[in-house]
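Note sheet for the following structure.
The values are calculated or read from the model by the stated rules, or taken from the named source; none is laboratory data. What you see is a predicted model, and the numbers here were worked out from it, not measured in a lab. With ideal geometry, Cβ positions are generated from the backbone for all residues, glycine too; neighbour counts draw on all protein chains shown. Just so you know, the surface numbers come from the protein's heavy atoms only, side chains and all, with ligands and any DNA or RNA stripped out. Shrake-Rupley method; radii C 1.70, N 1.55, O 1.52, S 1.80 Å.
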Amino acid sequence: MSATLSALASTLVPAPASAALPAAVTSAVLSVPAAAPVDAAAHYAARLAFEADVSDVRADLLAGVPGVVVVDSRSDAAWAQGHIPNAVHIPTARIAELAPQLIDPSMAVVTYCWGPGCNGATRAALAFARLGYQVKEMIGGFEYWVREGFAFETAQGTDQRQIDDLTAPRLGISCAC
């Protein structure tokens, strides 16, 4: 066997057990240690108290769960382009003015905006919380509502797009998260 082939073969064949072990590998994930289980449980429970995903919001809307109202906090133009059926439209800048007239304070409010790259729903949730409402932010926003293949309303009527495989199973069944 030539020297070149011998060198190549040595990289493909496992080294004998007596060979020196490589230097320790440093973990990027564990460079900051994971939280203690009790701390992790508190953290994730708190996140769920502040957030809801689009599938859960849709399930509640379809089931007619009482006590929940979905609020689109985007502009008039964004609302006309598309919004969740039965959502209430209150642009963030007008929440303090309009919410007391439009939203019963006993309702749990779920805010949304465009998507994960926009913090409009977070700002809207803050405005509702400052008014004394119980509030959650719908993570993923309108973008993920549409990408999961859920129907939406536009100025022209109801629309629906194909499910994006990167957000939901193709067959439209729940991911059962």
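Computed values, structure above
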quantity	calculated
Distant-in-sequence amide H partners of Val71 (H built 1.01 Å from N, under 5 Å)	Val88, Val110, Thr111, Tyr112
Exposure of Thr167 as accessible area (Å², to 10), given a probe of 1.4 Å and all protein chains	30 Å²
Listed residues Glu153, Glu97 arranged by accessible area, highest first, probe 1.4 Å	Glu97, Glu153
Surface accessible to a 1.4 Å probe, Ile95 within the full protein complex, Å²	0 Å²
For a label point 7 Å along the Cα-to-beta-carbon line of Ala93, residues of region 58-85 with backbone N under 11 Å	75-76
J(HN,Hα) series, region 52-57, from Karplus relation 6.51 cos²θ - 1.76 cosθ + 1.60, nearest Hz, glycine and proline x	9, 8, 4, 5, 5, 4
Exposure of Thr158 as accessible area (Å², to 10), given a probe of 1.4 Å and all protein chains	100 Å²
Pairwise FRET efficiency - Arg130 versus Ala46, Cβ, R0 = 25 Å, nearest 0.05	0.85
